[in-house]
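Here is the structure we will look at, set down as structure tokens.
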Amino acid sequence: NLVGVGHHSFFKDRKGDLRIIFHAHNDQQNVHPRYAYFSSVYFVPQSGGDDLLRIDYNHVLSPKIKK
């Protein structure tokens, strides 16, 4: 249900698991403020071809910033 998903970066967490962080628009009518999200990333083997990169959409998190 995210709109305007944009720039992303991949990184490995402290356990060595591959993660992705990206931003999305606030909602369908408002771009700002944009929110950051992160999730796990994994590869799905394909017969006779390159593996497919997948994002775990069941565990997309938006960190909260404390002031």
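The values are calculated or read from the model by the stated rules, or taken from the named source; none is laboratory data. Keep in mind it's a predicted model, so treat the numbers as computed, not measured. A quick note on method: Cβ atoms are made from the backbone with ideal geometry, for glycine too, and the neighbour counts reach across all protein chains shown. Side chains are part of the model used for accessible areas, which takes the heavy atoms of the whole protein and leaves out ligands, DNA and RNA. Shrake-Rupley method; radii C 1.70, N 1.55, O 1.52, S 1.80 Å.
In the range 18-31, the residues that are small (Gly, Ala, Ser) form Cβ pairs under 9 Å with partners that are assigned to a loop (DSSP other than H, G, I, E, B) and open to solvent by 50 Å² or more (accessible area, probe 1.4 Å), at six or more places apart or across chains, as follows: Ala24/Leu2; Ala24/Val5; Ala24/Arg34. Of everything in the range 1-42 that's of a type in the set (Val, Ile, Thr) and in a loop (DSSP other than H, G, I, E, B), which residue is most open to solvent (accessible area, probe 1.4 Å)? In this case the residue turns out to be Val5.
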